[in-house]
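Here is the structure we will look at, set down as structure tokens.
The values are calculated or read from the model by the stated rules, or taken from the named source; none is laboratory data. Because the structure is a prediction, the values reported are computed rather than measured. Here the Cβ is made from the backbone with ideal geometry for all residues, glycine too, and neighbour counts use every protein chain on show.
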Amino acid sequence: MPDGYRHCPDCGEAKPLAEFPRSRNDTGGYGRYCKPCHNMRGKETRQRLYGGSREYHLRRRYGIGQAEFDALLADQGGVCAICGAPDPQHVDHDHRTGRVRGILCFNCNGGLGQFRDDPVFLANAITYLKGTTWRRVLIHPGVYRISFSTRGRPPSRSS
């Protein structure tokens, strides 16, 4: 075998080392099987042990299976627990405890993540949204002034 090549026992080909995944377990620093064979073996294992990639993902990441996911979604009426959008697909969980809270749509799940699941940040965001709405106020026929609450500042002339 030429230097810098390795034989894959699954496909029977000699391939450059770059086509093998890195591995700390092997003395050469590369996995035994080439990347396509390595990936195929992983898919077969997930299918054999868990019935598919979705079940594997839910079990490994959240400790629930597809049946528990479906039950949670049914308890929520088949909609996002926050906004009510149909067919949500994202498991929401508490990052500190790992406890699953519900099933959310992509936007609601991402929104909670952006606010770091902190109720204080969310309450501040609500206060901000309520306190900085701009309104047009008629001050003379045909003349309007942009009015704002005590929070914030008036828009610039270029706005």
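Step by step: first the residues of region 85-140, then only those that are touching a Lys or Arg at 6+ places or on another chain (Cβ under 6 Å) and farther than 21 Å from ARG60 by Cβ, then the one that is modelled with the highest pLDDT. Which residue is that?
Filtering region 85-140 for residues that are touching a Lys or Arg at 6+ places or on another chain (Cβ under 6 Å) and farther than 21 Å from ARG60 by Cβ, the one modelled with the highest pLDDT comes out as ILE139.
Could you give every pair whose Cβ atoms fall below 7 Å, whose first residue belongs to region 67-82 and is surrounded by 15 or more Cβ atoms within 10 Å (Cβ to Cβ), and whose second residue is assigned to a helix (DSSP H, G or I), counting only separations of at least 6 or pairs across chains?
From residues that are surrounded by 15 or more Cβ atoms within 10 Å (Cβ to Cβ), the pairs are PHE69/LEU58; CYS80/CYS108; ILE82/CYS108.
Being loosely packed, with under 11 Cβ neighbours inside 10 Å, in a loop (DSSP other than H, G, I, E, B) and either touching a residue at least 60 places away in the same chain (Cβ under 8 Å) or under 29 Å from the mean Cα position of the chain (by Cα) (or both) is true for just one of ARG96, ARG48, ARG60. Which residue is that?
On the way: ARG48 fails: in a loop (DSSP other than H, G, I, E, B); ARG60 fails: in a loop (DSSP other than H, G, I, E, B).
On inspection, the qualifying residue turns out to be ARG96.
Inside region 101-138, can you point out the residues that are aliphatic (A, V, I, L, M) and over 14 Å from the mean Cα position of the chain (by Cα)? I'd like the intermediate steps shown before the answer.
Start the filter on region 101-138 by keeping residues that are aliphatic (A, V, I, L, M), which leaves 103-104, 112, 120, 122-123, 125-126, 129, 137-138.
If the condition is that a residue be aliphatic (A, V, I, L, M) and over 14 Å from the mean Cα position of the chain (by Cα), then VAL120, LEU122, ALA123, ALA125, ILE126, LEU129, VAL137, LEU138 are the ones that fit.
Criterion first (under 30 Å from CYS105 (Cα atoms), assigned to a helix (DSSP H, G or I), out of contact with any strand residue (DSSP E or B) (no Cβ under 9 Å at 6 or more places or on another chain) and acidic (Asp, Glu)) does GLU68 satisfy it? Give the derivation first.
On the way: under 30 Å from CYS105 (Cα atoms): yes; assigned to a helix (DSSP H, G or I): yes; out of contact with any strand residue (DSSP E or B) (no Cβ under 9 Å at 6 or more places or on another chain): no; acidic (Asp, Glu): yes.
No, not satisfied.
I'm trying to understand the selection: among the residues of region 1-34, which are exposed (fewer than 14 other Cβ atoms within 10 Å of the Cβ), within 35 Å of the chain's Cα centre (by Cα), among the charged types (D, E, K, R) and assigned to a loop (DSSP other than H, G, I, E, B)?
Those that are exposed (fewer than 14 other Cβ atoms within 10 Å of the Cβ), within 35 Å of the chain's Cα centre (by Cα), among the charged types (D, E, K, R) and assigned to a loop (DSSP other than H, G, I, E, B): ASP10, ARG24, ASP26.
Might you check whether a residue that is under 30 Å from ARG116 (Cβ atoms), of a type in the set (Asp, Glu) and at pLDDT 95 or above occurs anywhere in region 1-17? Write out each step before concluding.
Residues of region 1-17 that are under 30 Å from ARG116 (Cβ atoms), as a first pass: none.
No, because not a single residue in region 1-17 is under 30 Å from ARG116 (Cβ atoms), of a type in the set (Asp, Glu) and at pLDDT 95 or above.
Would you say CYS105 is in contact with a Cys (Cβ under 7 Å, 6 or more places away or on another chain) and closer than 27 Å to LEU122 by Cβ?
Values: in contact with a Cys (Cβ under 7 Å, 6 or more places away or on another chain): yes; closer than 27 Å to LEU122 by Cβ: yes.
When the stated conditions are applied, CYS105 passes them.
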